[in-house]
Amino acid sequence: MVLQFVGSIAVAGQAAWKRVQPIVVKETVVLPALGFAGLILLWWVIALLNHDLMPTPPEALQANLDYLLHPFYRRGPGDLGIGWLLLASLRRVLIGFSLGALVAIPAGFLIGMSRPAMLALNPIIQILKPVSPLAWLPIALAIFNLAEPSAIFVIFITSLWSTIINTALGVSNVSKDYLDVARVLEMPQWRRVTKIILPASMPYIFTGLRISLGIAWLVIVAVEMLTGGIGIGFFVWDEWSRLNLSSVFLAVFVIGLTGLILDYMVVKVQQLVTHRRVRSQSV
C-alpha cells in the first residue's frame, strides 16, 4: 500500500511537472535568451554600419579572450587582470555601502519614530538627496587628499538617502494596532523596536538597501574614471583612451553582470531574514 501511494504521488508529480515545464522553461530560459540575442543582434548591426570604430561581437570576444581566460593575471605594476580590477571596485563599494547602511538605518528609525527628528532632518535630506554623487568628489578630495578614501566617501554619501527614506517609511507605516497591543502589554521601547517595528519594517529596509547598492555600483565607475587607480571604472576610461572598444564592451558586460549578482545576493539575504519570497528582478 505504501509503495502504491508513493508511486501515485510520483506519477502525479511527474504529470504536473510536464504541464508546468513548458511555462517555466519559456519564462526563465527562452524569453530571456531571445531578449539577450536581440541585444547582440542590435550591437552586430550597429558595428557593421560603423565597423571602423566598433567591433562586432565575435571580434570583441576574440580580442578579450585573454581577459576571459586569465582574469586574475599579474604582469607587472598596473597590468592586472579584469578580475583584480573588479575586486578592487567591489571592495570600495562594499565598504562605503556598509558604512552608509550603519548610518542610514538608525537615522531612518529615528525619523520614522520621532516627529521632531523628522521635522529637523527631512529638510536636510531633501536638500542633499538631489545632489549628484560626483559633486561630492571634489569635497572628498579636499578632505582626504587621497583617491581611495574619497571614492569610499562618495559611495557612503550615495548609499544614505534611499535607505534612510525607505526605512523611515517602513517604520512610520507599522500598524498602530501592533503598537497599541505593545502599550497594553507595557512592553519597553527597545522590545517594541526589536519585536514589532524592526520585523514589520524589514521589507522597506531591504528595498532601500537594494536601491542604494545599485546606485553605489553605478557611481563607483564614474568615480574611478575621475580618480584613476585600480578599478573597473578606470579600466573603462583607459581602454577608451586607447580606442579599444572591445575591452569597453567587456567591461560593460562585467559591470552589468556584477550589478545583477549583487542585487540577487541582497534578495537572498532578505529572504533569509524575512522568510518571504522576493522578486529579484524588476523593471
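Computed from the coordinates by the stated procedures, all read-outs in this text should not be read as laboratory data. Fair warning: this is a prediction, and the values are worked out from it, not measured in the lab. Glycine also receives a Cβ, built like all others from the backbone with ideal geometry; neighbour counts cover every protein chain displayed.
Assuming 0.36 nm per residue, please report the length gained on full extension of the stretch D180 to S98 beyond their Cα-Cα distance.
26.1 nm
For a Förster distance of 35 Å, can you work out the FRET efficiency between the beta-carbons of L41 and R74, rounded to the nearest 0.05?
Details: r = 37 Å, r/R0 = 1.05.
Efficiency, rounded to the nearest 0.05: 0.40.
Among 234-245, 197-208, how do they line up from the highest to the lowest mean number of other beta-carbon atoms within 10 Å?
In decreasing order of mean packing, 234-245, 197-208 become 197-208, 234-245.
Sorted by mean Cβ packing within 10 Å, highest first, what order do the peptides 62-75, 253-266 take?
Numbers: 62-75: 12.9, 253-266: 15.1.
Answer by packing, highest mean first, reads 253-266, 62-75.
Tell me the mean residue ellipticity at 222 nm calculated for the chain from its helices only (DSSP H runs of n ≥ 4, each -39500 (n - 2.57), averaged over every residue, nearest 500).
The helix-only estimate for the chain comes to -25500 deg cm²/dmol at 222 nm.
With charges set only on the Cβ (+1 for Lys and Arg, -1 for Asp and Glu), what does the dipole of the chain come to about its Cα centre, in debye to the nearest 20? Don't skip to the answer; put the middle values down first.
Values: 20 positive and 13 negative charges, 241 e Å.
Taking the Cα centre of the chain as origin, the dipole is about 1160 debye.
Could you work out how far apart the two model spin labels at K268 and I143 are, taking each label as a point 7 Å from the Cα in the direction of the beta carbon, and quote it in nm?
That separation, rounded to one decimal, is 3.4 nm.
I want to check a number: in the chain, how many lysine pairs have alpha carbons closer than 29 Å, given a sequence separation of 8 or more or different chains?
Close lysine pairs found across the chain: 6.
State the label only: which of [x] 221; [y] 166; [z] 148 corresponds to volume of the Cα convex hull per residue in Å³ computed from the shown model?
From the options [x] 221; [y] 166; [z] 148, the structure gives [x].
Starting from 0.36 nm per residue, how many nanometres of slack lie between V30 and V252 once their C-alpha separation is accounted for? Present the calculation step by step, with values, prior to reporting the outcome.
Details: separation 222, 0.36 × 222 = 79.92 nm, distance 2.33 nm.
Extra length from V30 to V252 when fully extended: 77.6 nm.
Per residue and in cubic angstrom, what volume does the convex hull of the Cα atoms of region 114-219 have?
It comes to 118 Å³ per residue, whole-number rounded.
Rounded, prolate or oblate for region 19-172? Axes are the square roots of the Cα gyration tensor eigenvalues, ordered a ≥ b ≥ c, and the cut-off for rounded is a/c under 1.5.
Oblate, because a/c is 1.5 or more while a/b does not exceed b/c.
For L65 and L128 in one chain, what is 0.36 nm times their gap in residues minus the Cα-Cα distance, to one decimal in nm?
Numbers: separation 63, 0.36 × 63 = 22.68 nm, distance 4.37 nm.
So the extension gain works out to 18.3 nm.
Looking at S175, T158, M187, which one has the Cα that reaches farthest to the positive end of the dipole of the chain (charges on Cβ: Lys, Arg +1; Asp, Glu -1)?
Comparing the listed Cα positions along the dipole, M187 ranks first.
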